[in-house]
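Undergrad: Sharing a structure, written as structure tokens. Questions coming.
The values are calculated or read from the model by the stated rules, or taken from the named source; none is laboratory data. Owing to the predicted nature of the structure, the values given are computational and were not obtained by experimental measurement. Reconstructed Cβ throughout: ideal geometry from the backbone, glycine too, with neighbour counts over all protein chains shown. Ligands, DNA and RNA are stripped out before the accessible areas are found, and what is left, the full protein with its side chains, is counted by its heavy atoms. Shrake-Rupley method; radii C 1.70, N 1.55, O 1.52, S 1.80 Å.
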Amino acid sequence: MTPDAPAPFRVGLLGHGTVGSAVAELLPESADAIAHVTGLRPEISGVLTRSRGDFDEILAGSDLIVEVMGGTDDARTYVTRAIEAGKHVVTANKQLLAEHGEELWALAREHRVQLRFEAAVAGVVPVIRVLQESLTGHPVERLHGIVNGTTNFILTQMAATGASYEEALAEAQQLGYAEADPTDDVTGKDAAAKMAILARLAFDTPVHLSDVPYEGIAHLTTEDIEYARDLDLSLRLIGTAERIGDELAVRVHPAFLYKGHPLASVEGPFNAVTIESPAITEITLSGPGAGGPQTATAVIGDVISAMIPPAQTPPTRNTLGFVDDVASSFYLHVEVADKPGVLAQVAQVLGLQGVSVKSVVQKGTGTGARLVLVVHPVLESRFYGAVQLIAAKDFVTAPPRAIRVIDEEFAG
């Protein structure tokens, strides 16, 4: 090595799947540019997979560990050992952080190393950095996020082509946007883990996956998409985290968005997060949320940040309770017998429960009728209580379906 050559910065890589192999390819390509900025030249010092590599050797020969292997048990062990050995860690593992983040962040502070995780949420979209650095000191009121590219692609295709859920999922798998086993994506669990991380950062309070109720998209139908079009709405899987008084509500569920909402136009495998704060009104960050090169780019960004310390995830200062019953607008789909007075009876039940109707579409189906209503914001308990009463009516021919509607619109 010549006197002027940058010193090596050794990166141990745990995992060599879609993201890991992209990191192994992109890091050498970026090494000259990174060395110019940091004075250190990154290099892959070892790779651990199920069939090759030895963790102890990789740990001993690395300055930083990148964990992109997924899962929680082995990953937790390896990340813990790396931190205890005084090594910086970069991870893309949202499930690990959503379940064990507080423990690992505390350990990183104790050992004075960095645990960075931009790639764990929304791929290349820099929402973690914005919450941790750019908006530090500015109280956040609410986050809305499309944080799962698989489900957003499926819903986009259902709307654009009329495909069924099953057909759109098959296309997502064929194009590599969905795993062979898409359970975590389509049930909302993946998005819930990401929202737990975002809520923890935004509201400075511990949030774990178990604190986030979630619903998926498998029950959605082409009829729901058609009525969304009639009502000028877009259907998305939305994660929300918001402060309500002195408590916090974090949840994931399908929701209709009016066209003026900044997330309504986010299509395909893209992710986006809207952050609302009195100081800034709202900002929206969007970009590719999945894919090996995109996620690897976020990983390498964290590697560069760890090469230029300091940066830490501080301990939380708040312990907020969680709200179970929040106000929301809803879309309600009811199949009924085609006879006089049905709509009036449905409206009466809703009114007695304090539910106000915003718009109604009624169509004949040949053998019956279909009512599609959008209601004004109301506590979920009141709305679902009314739905139970409606479902018990003898003129209702199928279980009613309800989907939340997000009312907010922002000036562009």
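Undergrad: With a probe of 1.4 Å, find how much accessible area the range 16-55 has per residue, and write the answer as a whole number in Å².
TA: Each residue of the range 16-55 exposes 58 Å² on average to a 1.4 Å probe.
Undergrad: Relative to the longest principal axis of the chain, what angle (0 to 90°, nearest 10) does the C-alpha long axis of helix 342-352 take?
TA: The two axes meet at around 60 degrees.
Undergrad: Let me have the relative contact order for the chain, percent, based on Cα pairs under 8 Å that are six or more residues apart. Don't jump to the answer; show the numbers that get you there.
TA: Numbers: 871 pairs, mean separation 68.0, N = 412.
Result for the chain is 17 percent.
Undergrad: Rounded to the nearest 10 degrees, what's the angle between the helix 73-84 long axis and the longest principal axis of the chain, both from Cα atoms, 0 to 90?
TA: Between the helix axis and the principal axis of the chain, the angle is about 40 degrees.
Undergrad: By how many degrees, 0 to 90 and rounded to 10, does the Cα axis of helix 380-391 deviate from the longest principal axis of the chain?
TA: 40
Undergrad: Right, another one. Only helical DSSP H runs with n ≥ 4 go in: add -39500 (n - 2.57) per run for the chain, normalise by residue count and round the 222 nm mean residue ellipticity to 500 deg cm²/dmol. The partial results should precede the final answer.
TA: Numbers: 12 runs with 146 residues, N = 412.
Rounded to the nearest 500, the figure is -11000 deg cm²/dmol.
Undergrad: Mind checking which lysines have their C-alpha under 21 Å from LYS358, skipping anything on the same chain fewer than 8 residues away?
TA: Here the lysines satisfying the reach criterion relative to LYS358 are LYS259.
Undergrad: Continuing with this model, one more query. Once label points are set 7 Å from the Cα along Cα→Cβ at both VAL323 and THR49, what is their separation, rounded to one decimal in nm?
TA: 4.8
Undergrad: What label, among (i) 90, 45, 39; (ii) 80, 47, 43; (iii) 65, 58, 54, belongs to Cα extents along the principal axes in Å computed from the structure on display?
TA: Identified label for the calculated read-out: (i).
Undergrad: Per the 1.4 Å probe, what fraction of the accessible area of the range 127-288, in percent, lies on carbon and sulfur atoms?
TA: The value for the range 127-288 is 48 percent carbon and sulfur by accessible area.
Undergrad: Provide the solvent-accessible area of THR136, counting protein heavy atoms only and rolling a 1.4 Å probe, rounded to the nearest 10 Å².
TA: Here the residue's solvent-accessible area equals roughly 90 Å².
Undergrad: Give me the dipole magnitude in Debye, nearest 20, for the range 127-288 about the Cα centre, with unit charges on the beta carbon: positive for Lys and Arg, negative for Asp and Glu.
TA: Here the size comes out at about 460 debye.
Undergrad: Of ALA296, LEU332, LEU343, whose Cα points farthest to the positive end of the dipole of the range 289-388 (charges on the beta-carbon: +1 Lys, Arg; -1 Asp, Glu; origin at the Cα centre)?
TA: Ranked along the dipole, the leading option is LEU343.
Undergrad: Any chance you could run the full-extension gain for GLU380 through ARG112? It's 0.36 nm times the residue separation minus the Cα-Cα distance, nm to one decimal.
TA: Numbers: separation 268, 0.36 × 268 = 96.48 nm, distance 4.47 nm.
Extra length from GLU380 to ARG112 when fully extended: 92.0 nm.
Undergrad: I've got another one for you. If you put +1 on each Lys and Arg Cβ and -1 on each Asp and Glu Cβ, how big is the dipole of the range 1-91 around its Cα centre, in Debye rounded to 20?
TA: Once rounded to the nearest 20, the dipole reads 120 debye.
Undergrad: Name the lysines eligible as straight-distance cross-link partners of LYS194: C-alpha to C-alpha under 24 Å, and not fewer than 8 places from it in the same chain.
TA: Qualifying lysines at Cα under 24 Å: LYS94.
Undergrad: Within the range 327-405, what whole-number % of the accessible surface is contributed by carbon and sulfur, with the 1.4 Å probe and all protein chains included in the calculation?
TA: On the way: 1960 of 3720 Å².
Whole-percent figure for carbon plus sulfur exposure: 53.
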